[in-house]
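Only the coordinates and a few stated rules stand behind these numbers; no lab work does. All figures in this text were calculated on a predicted structure; none of them were measured in a lab. Backbone-built Cβ (ideal geometry, glycine too); neighbour counts: all protein chains shown.
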Amino acid sequence: SATASNVTSDEIIFEISPADPLVISQPLMLDLVRGQPFTLTPRVSGAMGSLTWDTNLTTRSTSAIDGSNGDIVQSALPGGLIYAASGGVISGTVSATATVGRWRGYKVCASDARGRVCSDEFTLNVR
């Protein structure tokens, strides 16, 4: 039999917390004025590693005016605005001839080391 007189124990405890998820957010309704500059820079939290924005803005695939509430569902942005995939930014000067109304159905999407996520759908209210 063996006897230990000076025994020590080293214990290492690791606590692993899950990383916060990637979240893209911005207001759900944004007011734009025809002929005025506009910029929307999405807020991002929880990104792991580098962030890559989708090449195109996600929009509804159809164009229509919803007669029940006057909302405009477009597959493009109001005239004068562009989407820059380098940062998920929508900017420009809203065309003086842009249709007045609530342009809805837009999302910005990006990917990090864990996968792809999109913002909630948002509306551009052109006045």
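Numerical summary
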| quantity | calculated |
| --- | --- |
| Square roots of 5 times each gyration tensor eigenvalue, C-alpha, region 68-109, largest first, Å | 20, 14, 6 |
| Sites I16 and R43 - FRET efficiency at Förster radius 30 Å, r taken between beta-carbons, to 0.05 | 0.65 |
| Surrounding net charge for V33, when Lys and Arg each add one and Asp and Glu each subtract one, Cβ distance under 15 Å | +2 |
